[in-house]
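A short write-up of the structure that comes next.
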Amino acid sequence: MTLSQTSSGDSETFRGRFWLPAENVGESDYVNGKLLITAESVILTLKGDLLVRQFDMFPDIKKRWETRLVGAVGTETYVNISGCHRTQTAFFTFGSEPHLTFNVTGLVLISSDVNLVAPDPPLAHELHFEVDGLAEWFARPLGHPSARHPWAMGVPSESRMQVTADCDRRECTATIASGFSLTVQNRLYWGDDGLFGLRIRQAAVATITSSTLVEPMKLLERALEFADFIRFVSGEKCRLHRAVFYRHDRQLPERYSADPRVGMGLLNRTPRHRLQGWGNMLVRQRDIEGHEPRILAGWFRAREENRYATGLLDHIMTRGDRTDAGIVLMVGAIQKLVAREESRSSDEGCGRRQKFQPYEKFLRDVGLESWGIDVTAMGKRLSDLRGKPAHGDPLPAEPDVVSTFRFVAAALRIYFLREIGFSEAQCHRIAMRNRGLREALQLQDPEEPDWNRMNEGGWIMDGGDA
């Protein structure tokens with residue numbers, strides 16, 4: 001039987017044999033199948049008489065097929081597939097084998113080492129990945145290894161030819177949770193043009209590392225939280241891609257001289273997205289150089305505590321929404337944030353009736369009053385906008401709602417900047433430099449601004465006075 005992989009436009013098809021992971025898998029335990037990966041979905045189709053017996057007569061085995069299976073889809077190439085939801089069944093058909101079709105919602109992992117994908121469950125120490133916009137956040141500009149061949153430096157795994165390649169090795173590391181760390185670095189990507197779609201080039205790569213072996217999903221969840229950070233500072237929709245999991249105790253044979261590690265590539269669907277406005281980021285790595293461990297750790301902590309608000313803000317910034325619905329939801333998020341702060345104060349023995357209504361208190365605590373913003377009037381406006389739809393009253397004229405909508409989104413972004421460790425003065429400098437925040441909060445433009453100085457590393461954190 002021929003095992004193969006084909007690509008067509010925005011889809012990939014992997015054909016091969018699939019089986020349930022077990023210690024002793026015999027020839028009679030295999031079924032033929034096809035894995036189709038597109039930008040919209042991951043579809044698995046299995047064929048064989050074995051499916052008729054197991055799905056009709058053994059409910060427990062049927063559940064195992066839907067939970068996880070392993071496949072051989074090429075020469076020394078294996079996949080691990082989880083989360084299969086049956087969408088179509090054809091057991092009794094003329095002229096073709098019985099077949100089942102699944103919509104795959106879990107992870108699809110691919111590796112040249114079957115000992116990585118076959119264990120139940122697969123485990124890993126590290127996840128290496130890229131995120132749209134990571135290079136723009138991390139370095140400006142990226143230093144290419146060579147001006148002559150900027151995209152093809154290094155030692156390809158299929159070649160013994162040695163090439164001198166210098167790399168800007170800057171990096172930062174932060175502890176983001178108990179037993180987990182995040183490292184961002186410029187590195188040379190070693191690989192070929194095949195298995196994971198990697199080319200030999202310099203890139204900004206993020207790594208989530210666990211002190212113990214964990215299931216890949218635990219590493220991926222942390223990686224997605226870091227992608228949320230990039231979306232937060234950029235205001236752009238972006239995605240995680242080129243993800244590879246590694247175990248420290250598994251290596252390639254000696255014939256692979258470039259990088260002996262062997263990993264599991266993530267094959268799940270990758271929706272396309274074209275980046276647009278990276279020039280207007282809130283902060284870049286050069287702005288917080290030396291403070292990255294504190295800021296990144298603060299982001300992971302704040303995101304966990306305020307998951308509902310960060311998720312809503314992410315949706316509003318990167319996907320858009322109806323203005324009236326967005327106002328109600330976002331002001332509701334502020335109300336919940338204030339309630340959480342009041343509950344925290346009460347737990348600390350400081351609970352008493354607040355002097356200000358919740359929206360005004362939120363804007364004061366963020367520090368917007370000292371920026372010349374009438375927080376009392378804005379607090380009343382937010383209260384009206386929150387209450388009117390709930391009581392069946394129409395919202396004000398559209399222009400007024402839109403400007404308030406933008407103000408609320410900007411105020412929430414300032415709130416999270418404070419939560420992850422920026423001071424009021426640092427947030428003010430961020431807002432003055434960032435056009436989107438400056439206009440949404442209706443701040444006065446800086447007089448005779450020195451944009452070159454404002455974009456220098458260190459200006460956000462110390463105003464350029466250090």
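Any residue in segment 364-377 that is over 15 Å from Met432 (Cα atoms) sitting within a Cβ distance under 7 Å of a residue that is among the small types (Gly, Ala, Ser)? List the pairs, counting only those 6 or more apart or interchain. That search, which allows pairs on different chains as well, returns Val366/Ala411. Summed over segment 20-51, the residues that are within 17 Å of Tyr78 (Cβ to Cβ), in contact (Cβ under 8 Å) with a residue 24 or more places away in the chain and assigned to a strand (DSSP E or B) give a count of 7. Quick one: count up the residues across segment 15-66 that are hydrophobic (A, V, I, L, M, F, W, C) and under 14 Å from Val104 (Cα atoms). Residues flagged as hydrophobic (A, V, I, L, M, F, W, C) and under 14 Å from Val104 (Cα atoms) within segment 15-66 amount to 9. Considering only segment 72-83, I want to know if a residue exists there that is at pLDDT 75 or above and farther than 18 Å from Leu267 by Cβ. No. Inspect segment 151-167 for any residue being open to solvent by 30 Å² or more (accessible area, probe 1.4 Å), closer than 30 Å to Asn455 by Cα and at pLDDT below 85 and give the result as yes or no. For segment 151-167, residues open to solvent by 30 Å² or more (accessible area, probe 1.4 Å), closer than 30 Å to Asn455 by Cα and at pLDDT below 85: present. For segment 400-421, a residue qualifies if it is farther than 20 Å from Ala333 by Cβ and over 22 Å from the mean Cα position of the chain (by Cα), and exactly one does: Asp400.
When Leu44 is tested against (1) over 29 Å from the mean Cα position of the chain (by Cα); (2) open to solvent by less than 20 Å² (accessible area, probe 1.4 Å), just one condition goes unmet, and that condition is (1). Can you tell me which residues in segment 52-72 are in a strand (DSSP E or B) and surrounded by fewer than 21 Cβ atoms within 10 Å (Cβ to Cβ)? Residues satisfying the conditions are Arg68, Ala72. The set of residues from segment 73-85 being open to solvent by 10 Å² or more (accessible area, probe 1.4 Å) and either assigned to a helix (DSSP H, G or I) or more than 19 Å from Val114 (Cα to Cα) (or both) comprises Gly83, His85. Residues in segment 422-458 that are open to solvent by 30 Å² or more (accessible area, probe 1.4 Å) and outside any helix (DSSP H, G or I): Ser423, Gln442, Gln444, Asp445, Pro446, Glu447, Glu448, Pro449, Asp450, Asn455, Glu456, Gly457.
Could you please let me know if Phe416 is part of a loop (DSSP other than H, G, I, E, B), modelled with pLDDT of 90 or more and either acidic (Asp, Glu) or within 20 Å of Pro293 (Cα to Cα) (or both)? So Phe416 does not fit the description; no.
Within segment 339-355, does at least one residue satisfy the condition of being at pLDDT 65 or above and polar (S, T, N, Q)? No, the conditions are met nowhere in segment 339-355.
Scanning segment 382-401 finds no residues that are closer than 26 Å to Phe226 by Cα, at pLDDT 60 or above and surrounded by 13 or more Cβ atoms within 10 Å (Cβ to Cβ). Criterion applied to Gly298, Gly290, Gly372, Gly320 was being surrounded by fewer than 13 Cβ atoms within 10 Å (Cβ to Cβ), under 29 Å from the mean Cα position of the chain (by Cα), modelled with pLDDT of 80 or more and not acidic (Asp, Glu), and the one residue passing it is Gly290. For Ala411, the conditions (1) open to solvent by 70 Å² or more (accessible area, probe 1.4 Å); (2) at pLDDT 90 or above all hold with the exception of (1).
The values are calculated or read from the model by the stated rules, or taken from the named source; none is laboratory data. This one's a predicted model, so the numbers in the text were calculated from it and none came from an experiment. We place every Cβ from the backbone using ideal geometry, glycine too, and count neighbours over all the protein chains shown. With ligands, DNA and RNA removed, areas are computed over all heavy atoms of the protein, side chains included. Shrake-Rupley method; radii C 1.70, N 1.55, O 1.52, S 1.80 Å.
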